[in-house]
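One structure below.
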Amino acid sequence: MGAEVLYQDLTGDRFPGFEDRIRASGFVQDEWQLLAALTINGGVRLDYDSQFDVAVSPRIAGRFEPWAGVVFRASWGLGFKAPLPLDLGIQFTNNSVGYTVQGNPDLLPERASTFSAEASFAVAPRLTFSFGGFYSEVENLINFAQVTPNLFMPENVSEARLMGLEASLEYKPWRWLRFGVGYDGVDARNLSEDRVLENRAPHRVSGQFGLRFDPVRFDVQSAWTDVRTIYGTDEAGNEVALLAPAFVRLDARMAVTITQALEVFLGGDNLLDAGDDQFLFIAPRTLYVGLRGTLR
């Protein structure tokens, strides 16, 4: 069991509409070992928000391991997510890229009911495969909308449904080498308007590669994201559905340990320079180098 208190206050030109708030939370959780292979975990969380009242969020989960290396997991729970200060009151313009993010002081908190299940298998020594699915119904989903071609604002979707599948494969043939691939498929719908939820890609494929040869560590991560639906307006002010193109993001990092207390590293983010000034406002290709030391 535990408790926490959070006080938030922001002042500045970028947050003209934010008011300070207090959030207090408490939770209790217990675990039962019903059988040698079956574990049940249950709990409940109580949140009080000075701006968004009280929310109770129960959760129950189970883990079943009938054979060594074969694990099944399932869970159900209610969720509560209050808008962040950035969502409520930010006023920010990025002149270098050409877009504006504006907060929405009328946002309501999200409340969700989610069920998920997963199975993982040690297919062979150092080879693990897992797959699972989830189903979630959300009230007042907080979703960033492209209000105009260059203006983004968080909005509530009064009723939304998200369901999907996830799968991953990880292979470690040797201690110094690691591969991984993953897939995420999501069917996200705005039920209140009976249409596809904005800016949610239905498919995403990712990959990882890691190499360890002391004192060198090298990591590469890449992900392909499918086309996304964006709702905008035409010259006459009518709403239109646009398709944001698919894109690939590639990141890499190499680190060399000089001593136990000193490391030098270099890398690059978004090496393929994905992004555009209409659908994908992300930082362009970025290269960096650094030195990290630890006092012992």
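Applying the selection to segment 187-221, what residues are charged (D, E, K, R) and over 27 Å from residue 133 (Cα atoms)?
Start the filter on segment 187-221 by keeping residues that are charged (D, E, K, R), which leaves 187, 189, 193-195, 198, 200, 204, 212, 214, 217, 219.
212, 214, 217, 219, listed by residue number.
Within segment 191-218, track down each residue that is open to solvent by 80 Å² or more (accessible area, probe 1.4 Å), in a loop (DSSP other than H, G, I, E, B) and among the charged types (D, E, K, R). Outline the logic, then answer.
In the first step, residues of segment 191-218 are kept if they are open to solvent by 80 Å² or more (accessible area, probe 1.4 Å); the result is 191, 193-194, 204, 208, 212-214.
Then drop every residue that is not in a loop (DSSP other than H, G, I, E, B), which leaves 191, 193-194, 214.
Those that are open to solvent by 80 Å² or more (accessible area, probe 1.4 Å), in a loop (DSSP other than H, G, I, E, B) and among the charged types (D, E, K, R): 193, 194, 214.
Identify all residues within segment 31-61 that are open to solvent by 80 Å² or more (accessible area, probe 1.4 Å) and either assigned to a strand (DSSP E or B) or within 18 Å of residue 81 (Cα to Cα) (or both); write none if there are none. Before you say what the answer is, go through the steps one by one.
Of the residues in segment 31-61, the ones open to solvent by 80 Å² or more (accessible area, probe 1.4 Å) are 31-36, 46, 48, 51, 53, 56, 59-60.
Listed by number, the residues that qualify are 31, 32, 33, 34, 35, 46, 48, 51, 53, 56, 59, 60.
If I ask for residues that are touching a Phe, Trp or Tyr at 6+ places or on another chain (Cβ under 8 Å) and either modelled with pLDDT of 90 or more or of a type in the set (Ser, Thr, Tyr) (or both), which ones from segment 228-243 would you list? Steps first, please.
Looking only at segment 228-243, we keep the residues that are touching a Phe, Trp or Tyr at 6+ places or on another chain (Cβ under 8 Å), and these are 228, 230, 239-242.
If the condition is that a residue be touching a Phe, Trp or Tyr at 6+ places or on another chain (Cβ under 8 Å) and either modelled with pLDDT of 90 or more or of a type in the set (Ser, Thr, Tyr) (or both), then 228 is the only one that fits.
May I ask you to verify whether residue 229 is farther than 26 Å from residue 101 by Cβ, open to solvent by less than 70 Å² (accessible area, probe 1.4 Å) and in contact with an Asp or Glu (Cβ under 7 Å, 6 or more places away or on another chain)?
Spelling it out, it is not the case that residue 229 is farther than 26 Å from residue 101 by Cβ, open to solvent by less than 70 Å² (accessible area, probe 1.4 Å) and in contact with an Asp or Glu (Cβ under 7 Å, 6 or more places away or on another chain).
Residues that are more than 22 Å from the chain's Cα centre (by Cα), of a type in the set (Val, Ile, Thr) and buried (at least 18 other Cβ atoms within 10 Å of the Cβ), at least 3 per element: which strands (runs of 3 or more DSSP E) completely within segment 62-155 meet that?
Once the strands (runs of 3 or more DSSP E) in segment 62-155 are filtered for at least 3 residues that are more than 22 Å from the chain's Cα centre (by Cα), of a type in the set (Val, Ile, Thr) and buried (at least 18 other Cβ atoms within 10 Å of the Cβ), nothing remains.
The values are calculated or read from the model by the stated rules, or taken from the named source; none is laboratory data. If you're wondering where the values come from, they're calculated on a predicted model, not measured in any experiment. Note that each Cβ is placed from the backbone with ideal geometry, even for glycine, and that neighbours are counted across all protein chains shown. What goes into the accessible areas is simple: the full protein's heavy atoms, side chains included, and nothing from ligands, DNA or RNA. Shrake-Rupley method; radii C 1.70, N 1.55, O 1.52, S 1.80 Å.
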